[in-house]
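The structure appears right after this line, and notes come after that.
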Amino acid sequence: MPSNPSRAAAIVAAAESNEIGYLETPKTDMMLAIEALQNVCREAGIGVHDIEAVFATTNANEIAEYTGMDPRWIDTTSIGGCSYEVHVAHALAGINAGMFDIAVVLNGQAGYSRRNFPRGGTSGPTRSMERVRGNADPQSPDTMYLMPYGVGGAPTLYSHAMTRHMYEFGSTKEDFAQVAVTTRDWAMLNPRAVMYSKETHPNGGEITVQDVLDSPLIAWPLNLLDCCLVTDHGGAVILASERVVHRFRGKPVWIDGAGEAMQHTSMLEIPDFTTTSAKKSGARAYAMAGMGPQDMELALMYDSFTVTAAITAEMLGLTRRGEGTSLWDDGKAGPGGSGIPVNTNGGGLSFNHSGRYGMMLLIEAYRQLAGIAEDGVHGVKGKQTAARSAVVNGAGGTLSATGTLVLTAD
Amino acid sequence: MAEYDKPAPFPDPFVGKPYWDGGKEGKLMLPRCTSCSKTHFYPRSMCPHCGRDTIEWFEASGYGFLHTFAVQHRGVGAWTKEVPYVTAFIDLMEGDRVFTVLRGVDPLKPEEIRIGAKCRIEWDQAGEDTFMPYWRVVEE
Ligand SMILES: [Zn+2]
């Protein structure tokens, strides 16, 4: 008889690589992942070899070999930036089934450094064009029917969703810009955020709606400051079964609900440009948790672009349909705001985004609910919220797959 | 004629062959399911709507409607020299949707581009045996 896996496991530690952001000396994906792994084990008070299950996008087996782990569960589910939320869902199921007690979910991604690697050293930005030249499966719909039309980075395609949202709901570029402005306010409380200040980045520090609108056009209606960063980041979280959670010194943050869903892979197949699978993955996570959007005191939502976070807010029931940006209006979602806090690390927009941002959502969710979200660097305070519950939504691909978690603190 | 200098795929010699072959004659060929009567795109060996493998090809009208668009200011590869250019998803008259670079619109006036505008397909010769489809707004 299957049982509800709700609260069968908790996150008990979260950590990052030694350096994040724009690394002066390039590091590889593996180097960043291993740094994060060592740091999370130190924080958790366990040895690497105590880990029984390993979840990573690139690649769980390689990480296990490098570290000499002897995992009984190896999972390389790789469906974009939401993969880590989905890993947590899978780990929860495995733990609930009694397959293992201690798992790591980790990622290292040299989103910035890889530009400085010798060609062939890692997957690079030219890969998509090589596919067009025929170095790929002739059945791939993107190769045949999408990439030949000047599709570069992610903004090329995401911009189409924002246009459609503006058309269907009358939302404006100003509405979306507010998301970037409020998210920046959080980054200004996080010394590890790339956009923390003018000293950390020429575009850093306080911004206004007008600044967003005046920033260079990337893919109308997306301006530069509507778009996430591309940085280096390594991150890891440790999950423990309810049975062994007391062995860890970190405060447990319980996984009350977990859901995954997809609606397409190629954007050719998106059924509706203003709906994402977060609606389904969110409903699944809420149902498992026995909670709903009204119970959430914190939201961590994937902000690859301002429009991504706004649509996700609608899908998770945090706003009405078509009014996603209203969550951020007048800085409501910002520090000291009147609404629920959103993306308290400064988001992919202003903190860090290595390409698959979902790991950063998990780390911030853990730190907020465990009460350790103040960085304490340079005496900066104010990032820690009073939230005891959080909804965490990762999005992957081009508004394609999503993973949603409902987390709570005791 | 001017040489085609943009990326073009090697046309799918398998499932999508009728689509690419149609382009050589300026026709839009689409796959349709004889069980559920629905058209799908991209071409597949089975119907994504009902899961059956009863696929036939037919000549479509070559008309569609603008579903959504964006104006690319960065570009990539050979497209970089064309910025700004308008990319778009077109709802096919017969069902489902395609992606294209849209013609017949002003990239510098995105506010004037009308979602729902009627569009027509046109094929550019991109190689000895390859034709690339583009769509153009044809409505006044
Ligand atoms: Zn069918």
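The values are calculated or read from the model by the stated rules, or taken from the named source; none is laboratory data. Small disclaimer: the values here were computed from a predicted structure and weren't measured. All Cβ positions, even for glycine, are placed from backbone atoms using ideal geometry, and neighbour counts span all protein chains on display.
Taking the numbered list (1) assigned to a strand (DSSP E or B); (2) more than 16 Å from the ligand (Cβ to nearest atom); (3) loosely packed, with under 15 Cβ neighbours inside 10 Å in turn, residue B:14 passes all entries but (1). Identify the residue in segment B:104-132 that is within 10 Å of another protein chain (Cβ to nearest Cβ) and within 15 Å of residue B:66 (Cβ to Cβ) and, among all such residues, is surrounded by the most Cβ atoms within 10 Å (Cβ to Cβ). It comes out as B:113. Going by the conditions given, is residue A:133 modelled with pLDDT of 90 or more and within 9 Å of chain B (Cβ to nearest Cβ)? It is false that residue A:133 is modelled with pLDDT of 90 or more and within 9 Å of chain B (Cβ to nearest Cβ). Taking segment B:43-55 as the range and being more than 6 Å from the ligand (Cβ to nearest atom) and within 19 Å of residue A:139 (Cβ to Cβ) as the test, the residues that pass are B:43, B:44, B:45, B:46, B:48, B:51, B:53, B:55. Of the residues screened, residue B:69 is one that is part of a strand (DSSP E or B), within 12 Å of chain A (Cβ to nearest Cβ) and out of contact with any His (no Cβ under 6 Å at 6 or more places or on another chain).
Is there a residue in segment B:86-100 that is surrounded by fewer than 16 Cβ atoms within 10 Å (Cβ to Cβ) and either out of contact with any strand residue (DSSP E or B) (no Cβ under 8 Å at 6 or more places or on another chain) or under 25 Å from residue A:153 (Cα atoms) (or both)? Looking for residues that are surrounded by fewer than 16 Cβ atoms within 10 Å (Cβ to Cβ) and either out of contact with any strand residue (DSSP E or B) (no Cβ under 8 Å at 6 or more places or on another chain) or under 25 Å from residue A:153 (Cα atoms) (or both), one finds none in segment B:86-100, hence no. Does residue A:342 satisfy the criteria of being buried (at least 24 other Cβ atoms within 10 Å of the Cβ), of a type in the set (Val, Ile, Thr) and in contact with a strand residue (DSSP E or B) (Cβ under 7 Å, 6 or more places away or on another chain)? Yes.
For segment B:18-42: of the residues being part of a loop (DSSP other than H, G, I, E, B), within 16 Å of the ligand (Cβ to nearest atom) and surrounded by 15 or more Cβ atoms within 10 Å (Cβ to Cβ), which is nearest to the other protein chains (Cβ to nearest Cβ)? Among those that are part of a loop (DSSP other than H, G, I, E, B), within 16 Å of the ligand (Cβ to nearest atom) and surrounded by 15 or more Cβ atoms within 10 Å (Cβ to Cβ), it is B:42. Restricted to segment A:269-279, and to residues there that are surrounded by fewer than 20 Cβ atoms within 10 Å (Cβ to Cβ) and touching a residue at least 40 places away in the same chain (Cβ under 8 Å), the residue that is farthest from the other protein chains (Cβ to nearest Cβ) is A:275. Of all the criteria given as (1) assigned to a loop (DSSP other than H, G, I, E, B); (2) surrounded by fewer than 24 Cβ atoms within 10 Å (Cβ to Cβ), the one not satisfied by residue A:326 is (1). Kindly indicate whether any position in segment A:64-74 is assigned to a helix (DSSP H, G or I) and not hydroxyl-bearing (Ser, Thr, Tyr). So far as segment A:64-74 goes, yes, one or more of its residues are assigned to a helix (DSSP H, G or I) and not hydroxyl-bearing (Ser, Thr, Tyr).
Taking the criterion of being under 22 Å from the mean Cα position of the chain (by Cα) and either among the hydrophobic types (A, V, I, L, M, F, W, C) or not in a loop (DSSP other than H, G, I, E, B) (or both), the residues of segment A:192-211 that qualify are A:193, A:194, A:195.
Within segment B:73-88, not a single residue is within 16 Å of the ligand (Cβ to nearest atom), out of contact with any helix residue (DSSP H, G or I) (no Cβ under 8 Å at 6 or more places or on another chain) and without any contact (Cβ under 8 Å) to a residue 60 or more places away in the chain. Residue B:9 meets the stated requirement of being more than 16 Å from the ligand (Cβ to nearest atom) and either within 30 Å of residue A:227 (Cβ to Cβ) or assigned to a loop (DSSP other than H, G, I, E, B) (or both). Any residue at all in segment B:58-65 that is under 15 Å from the mean Cα position of the chain (by Cα), more than 16 Å from the ligand (Cβ to nearest atom) and within 13 Å of another protein chain (Cβ to nearest Cβ)? Within segment B:58-65, one or more residues are under 15 Å from the mean Cα position of the chain (by Cα), more than 16 Å from the ligand (Cβ to nearest atom) and within 13 Å of another protein chain (Cβ to nearest Cβ).
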